[in-house]
Amino acid sequence: MARIDGRTSMSDARTGNMIFERILEEGVFRFDCSADDRNEAFPSFSFVDPKVRETPIMSIHKVPSHIPTFECIMGQQVVNVELPPGTSFYGTGEVSGQLERTGKRIFTWNTDAWGYGPGTTSLYQSHPWVLAVLPSGETLGVLADTTHRCEIDLRQESSIRFISQQSYPVITFGPFASPIDVLVSFSHAIGTVFMPPKWALGYHQCRWSYVPDARVREIARTFREKKIPCDVIWMDIDYMDGFRCFTFAKESFPDPKSLVEELHQSGFKAIWMLDPGIKYEKGFFVYDSGSEADVWVQTADGRPFIGEVWPGPCVFPDFTQSKARSWWANLVKDFISNGVDGIWNDMNEPAIFKTVTKTMPESNIHRGDPEFGGCQNHSYYHNVYGMLMARSTYEGMKLANGNKRPFVLTRAGFVGSQKYAATWTGDNLSTWEHLHMSIPMVLQLGLSGQPLTGPDIGGFAGNATPRMFGRWMGVGSLFPFCRAHSEADTNDHEPWSFGEECEEVCRLALERRYRLLPHIYSLFYLAHTRGTPVATPIFFADPKDPELRKHENSFLLGPILIYASTQRGEELGTIQHKLPKGTWLSFDFEDSHPDLPALYLLGGSIIPVGPLYQHVGQANPSDDLTLLVALDENGKAEGLLFEDDGDGYEYSEGGYLLTTYVAELQFSVVTVRISKTEGKWRRPNRRLHVRILLGKGAMLEAWGSDGEIVQVAMPSETDVSNLVSASEEKYRNRLESAKRIPEVETVSGHKGVELSRTPVVLKSGDWELQVVPWIGGRIFSMDHIPSGTQWLHSRVEVNGYEEYSGREYRSPGCTEYYSVIERDLKQEGELESLKLEGDIGGGLVMERYISLPKDNAKVFRIDSGIAARGVGAGSGGFSRLVCLRVHPMFSLLHPTESYVSFTSINGSKHELWPESGEQVFEGDLRPKGEWMLVNRCLGLGLVNRFKIDQAYKCMVHWGTGTVNLELWSEERPVSKESPLKISHEYEVQKIA
């Protein structure tokens, strides 16, 4: 491609219906605005074979049932897909918040999103893909096949709207009869998940960081001593020498080979982190070899781009070039020789420190391969940078050992990343909200083509409470990817770190996972070979049932239905489960506990179950095999078991065994047999344990030999009823006798911050605010409801909206607990309000009154002040100089398109952009009672009005993806007669 950024200047807007071509297979259509736009479109990164997207199929004559419309103006292409009322939306890739996406808007722009919330609009991966479930249950998939930043707007009911830089095609899949049919067709385009080595489906333990190597050995030894299943221990960045990739710290990891050998002897694998930032340091072998090969991303003027990351100044491989990918792959190949079993690619959005945008400039140049689009700026390649890095890492691992399946985990990704790497849901928080949100996040990734995913169990940032961690392990142990991970300076987050009761729940939960590993491994074989999903929302069991479409505390693992408790104070015994149509039989492994999910098996299904063991390597093909059988209303059932050696590629050449088991009830006898097999793998000589589910955990059992017919006599209806009643009684007794995990609400830790409490939510009119009284009364979320814009979203324990009590930056937000004095007064003229107060010492208190006026739904008001209480001798009270600083840190959705605008008291006009850094305005240069934060992309401005006589100084400070609009009071001794106050309000306005 000759053009650098793909922009097309157009004097006149164009609108109309998109034109289509039939591609790939029956029911798949490519839409473009015109034939010229089709020719102008960049190559596809989503499709396994980009040529498929360009090749019409002339033998198919079906016409699409939904024709998108388009509008092209000012270089932007806006696409609308109108669907029937009652359509439900899913997909959109790695997103936070609710499962059902109707009413949401996101932006595909890979972003380092530490501590994201339910309203964060850009996370670490980009999937411009929507799965639309029609009222009939038929399903349509829609892909905007562009790597550029793309807005996916689902706020209008039954309407999909894509906005991105033109020209890009839209690909539709279906409508097909079910969502699974759409996902299978989608996989034919974008590829299926790589076949994971079986050990990668075990439990993984991680921390930032396990240092030194003695700590790694201690963690491994404790897992085995406590008989808690685990297969993998992870090494974060601190194993490196000064954060230099492909090195080991001489003091803390002097002999990585010996360490890994010891881990292998204990049945553990070791995974090590590699970031894209390479330290800019002559004499460092990675930097020197990369410079010699000329592989670095360049600035607009052709020099290697240098950005700040963990090692300090860094250069970055340009993975869009084949020579750079080959260079990286060979480094990985040599790195593997240290005993590395898997590689973790982090920070590959790419994340850059000390920048407004959190990433490299969009003007940077990538000298991409011609088939990728050639030489383009970073705005084109940004969203695929992480995927290309993961691909290079994957290929390097294959170079090192072609007889082993690579395992790569990537933080950043794009449509198609699943071919090379697993993923996780990023730097989440140790809160109940994030525990609950982990289910829809895992499901959305699966619905977007990435089935091998899971969250940081227990939360990455903050200190989990014992009950929260136990609950999270209960559900997390059944996710496709199962890893616990925690941040530096938090409390220990290993299963035994939360007391005996939580430890036992974690052991039971992980034993469940390991017993279900034959089933999970079989699901991944089907996902790899056929494109079927692994974990799906409950509505997949009946897409026509609208009541199932919003369920977020349950999911399906094939025919297994899992119901979890994800709310504090909620226990399984108190939850009424909504079961889809069909026969659903509950079961467990006599491991019931109030903190473990409830399991059901769909009638008509058979699932394979393995024995208990601590790691995958303990499994032996000759171990007993158990089949759980749930008969349908016709007395029949069927299920699959995939087996191979658990690694390597023999399965692709017939070295596997795929067995179809069937069961049928005839004349009061259930006959279980093999109906067909595939593959050349020899059936192990083992016993077969058949368990017929009767409901409420009751089962009938019989033993035989695998490969032979096993028959089970069904008792009378009365006997079945008695068995079910007895099993139900045993279940209740187990729940009653189970040791409860203590409900500990305050957990002390290095950070001195508790993240697991429930914020106060104020919602009225145009605004929804979230406040945390226990950390200085901080407002950490400001949502403008009509525009769907989150103007402020911060970490719970730092930043957001707060006040400072002096020049020394002493913040009650980090040290004091605010008491809630009054809430929801509902006085005349007010709809919602919250009055908070925090002791800041010296006889002084910080006050805040937040109100959402009834007479003006568009605004909310904040009255802040420092007042004297009990001021007297020795307190420093009247002689204490204080200054009240209102300190909101607003989030910038589009940093390069945001600025601050105001008119000064003297009439001068000001427009401040991020490049202006920090500026202070005093005297007549102060804003004349208001200033506005403008987002040009959204066409919105956040207006902040205040009293001029209270704000003696105004300051603008641009940060990394944030801006502070500070109001300072005068600085003086405070007194009872004259407290310091600043009153102000916020409103969102449309701008031209």
Look at Val142 and say whether it is assigned to a strand (DSSP E or B) and either crowded, with 23+ Cβ neighbours inside 10 Å or charged (D, E, K, R) (or both). yes
Could you look through the stretch 489-516, keep only residues that are touching a Lys or Arg at 6+ places or on another chain (Cβ under 8 Å) and hydrophobic (A, V, I, L, M, F, W, C), and pick out the one that is farthest from Glu571 (Cα to Cα)? Trp496
Modelled with pLDDT under 85, among the small types (Gly, Ala, Ser) and assigned to a loop (DSSP other than H, G, I, E, B) - does that describe any residue in the stretch 889-908? no
When the residues of the stretch 490-501 are narrowed to those that are open to solvent by less than 10 Å² (accessible area, probe 1.4 Å) and part of a loop (DSSP other than H, G, I, E, B), which ends up nearest to Ala220 (Cα to Cα)? Glu494
Within the bounds of the stretch 113-121, is there any residue that is closer than 19 Å to Gly788 by Cβ, aliphatic (A, V, I, L, M) and in contact with a strand residue (DSSP E or B) (Cβ under 9 Å, 6 or more places away or on another chain)? no
In the list Ala535, Ala488, which residue meets the criterion of being closer than 30 Å to Pro621 by Cα, in contact with a Phe, Trp or Tyr (Cβ under 6 Å, 6 or more places away or on another chain) and either modelled with pLDDT of 95 or more or among the small types (Gly, Ala, Ser) (or both)? Ala535
For strands (runs of 3 or more DSSP E) lying entirely in the stretch 375-484, having 2 or more residues that are farther than 24 Å from Phe555 by Cβ and not hydroxyl-bearing (Ser, Thr, Tyr) picks out 375-377
Meets criteria (among the hydrophobic types (A, V, I, L, M, F, W, C), surrounded by 14 or more Cβ atoms within 10 Å (Cβ to Cβ) and over 15 Å from Tyr521 (Cβ atoms)) for Leu641: no
Scan of the stretch 105-160 for residues that are among the acidic types (Asp, Glu) and at pLDDT 95 or above, ordered by number: Glu138, Asp145, Glu151, Asp153
Only one residue in Phe70, Phe89 is farther than 30 Å from Pro759 by Cα, in contact (Cβ under 8 Å) with a residue 24 or more places away in the chain, assigned to a strand (DSSP E or B) and of a type outside the set (Val, Ile, Thr). Which one? Phe70
Residue by residue through the stretch 295-330, note down the ones that are of a type in the set (A, V, I, L, M) and either surrounded by fewer than 22 Cβ atoms within 10 Å (Cβ to Cβ) or under 26 Å from the mean Cα position of the chain (by Cα) (or both). Ala300, Ile306, Val309, Ala329
Yes or no: the stretch 663-686 includes at least one residue that is hydroxyl-bearing (Ser, Thr, Tyr) and part of a loop (DSSP other than H, G, I, E, B). yes
Residues of the stretch 337-374 satisfying the condition of being among the β-branched types (Val, Ile, Thr) and not in a loop (DSSP other than H, G, I, E, B): Ile343, Ile365
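Results for (1) closer than 16 Å to Met387 by Cα; (2) at pLDDT below 95; (3) not hydrophobic (A, V, I, L, M, F, W, C), shown as yes or no for each residue.
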{"residue": "Gln321", "(1), (2), (3)": "yes, no, yes"}
{"residue": "Ala329", "(1), (2), (3)": "yes, no, no"}
{"residue": "Asp334", "(1), (2), (3)": "no, no, yes"}
{"residue": "Gly342", "(1), (2), (3)": "no, no, yes"}
{"residue": "Gly374", "(1), (2), (3)": "no, no, yes"}
Kindly provide the set of residues from the stretch 208-232 that are in a loop (DSSP other than H, G, I, E, B) and open to solvent by 10 Å² or more (accessible area, probe 1.4 Å), ordered by number. Trp208, Ser209, Val211, Pro212, Lys226, Lys227
Output the residues belonging to the stretch 155-171 that are in contact with a Pro (Cβ under 7 Å, 6 or more places away or on another chain) and surrounded by 24 or more Cβ atoms within 10 Å (Cβ to Cβ). Phe162, Val170
Report yes if some residue within the stretch 680-695 is touching a helix residue (DSSP H, G or I) at 6+ places or on another chain (Cβ under 6 Å) and modelled with pLDDT under 95; otherwise report no. yes
Can you tell me how many residues within the stretch 174-204 are in a helix (DSSP H, G or I) and either farther than 28 Å from Asp542 by Cα or in contact with a strand residue (DSSP E or B) (Cβ under 9 Å, 6 or more places away or on another chain) (or both)? 15
Is there a residue being among the hydrophobic types (A, V, I, L, M, F, W, C) and open to solvent by less than 30 Å² (accessible area, probe 1.4 Å) anywhere in the stretch 32-39? yes
Every listed condition ((1) within 13 Å of Ala422 (Cβ to Cβ); (2) surrounded by fewer than 24 Cβ atoms within 10 Å (Cβ to Cβ)) holds for Glu487 save (1)
What's the number of the condition Ile152 fails, among (1) among the aliphatic types (A, V, I, L, M); (2) free of Cβ contacts under 8 Å to residues at least 60 places away in the same chain; (3) more than 24 Å from Phe407 (Cα to Cα); (4) buried (at least 22 other Cβ atoms within 10 Å of the Cβ)? (2)
Out of curiosity, is Trp109 over 20 Å from Lys550 (Cα atoms), touching a residue at least 12 places away in the same chain (Cβ under 8 Å), in contact with a Ser or Thr (Cβ under 9 Å, 6 or more places away or on another chain) and open to solvent by 10 Å² or more (accessible area, probe 1.4 Å)? yes
Condition set outside any helix (DSSP H, G or I) and open to solvent by 70 Å² or more (accessible area, probe 1.4 Å), scope the stretch 687-735, selection nearest to His577 (Cα to Cα): answer is Lys696
Taking the options Met10, Met58, Met74, name whichever one is open to solvent by less than 60 Å² (accessible area, probe 1.4 Å) and modelled with pLDDT under 95. Met10
Do you know which residues across the stretch 658-677 are without any contact (Cβ under 8 Å) to a residue 24 or more places away in the chain, closer than 20 Å to Tyr521 by Cα and open to solvent by 20 Å² or more (accessible area, probe 1.4 Å)? Lys676, Thr677
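The values are calculated or read from the model by the stated rules, or taken from the named source; none is laboratory data. Keep in mind that what you see is a predicted model, and the values were worked out from it rather than measured. Using ideal geometry, Cβ is built from the backbone for each residue, glycine included, and neighbour counts are taken over all protein chains shown. These area figures cover heavy atoms from the full protein model, side chains too; ligands, DNA and RNA do not enter into them. Shrake-Rupley method; radii C 1.70, N 1.55, O 1.52, S 1.80 Å.
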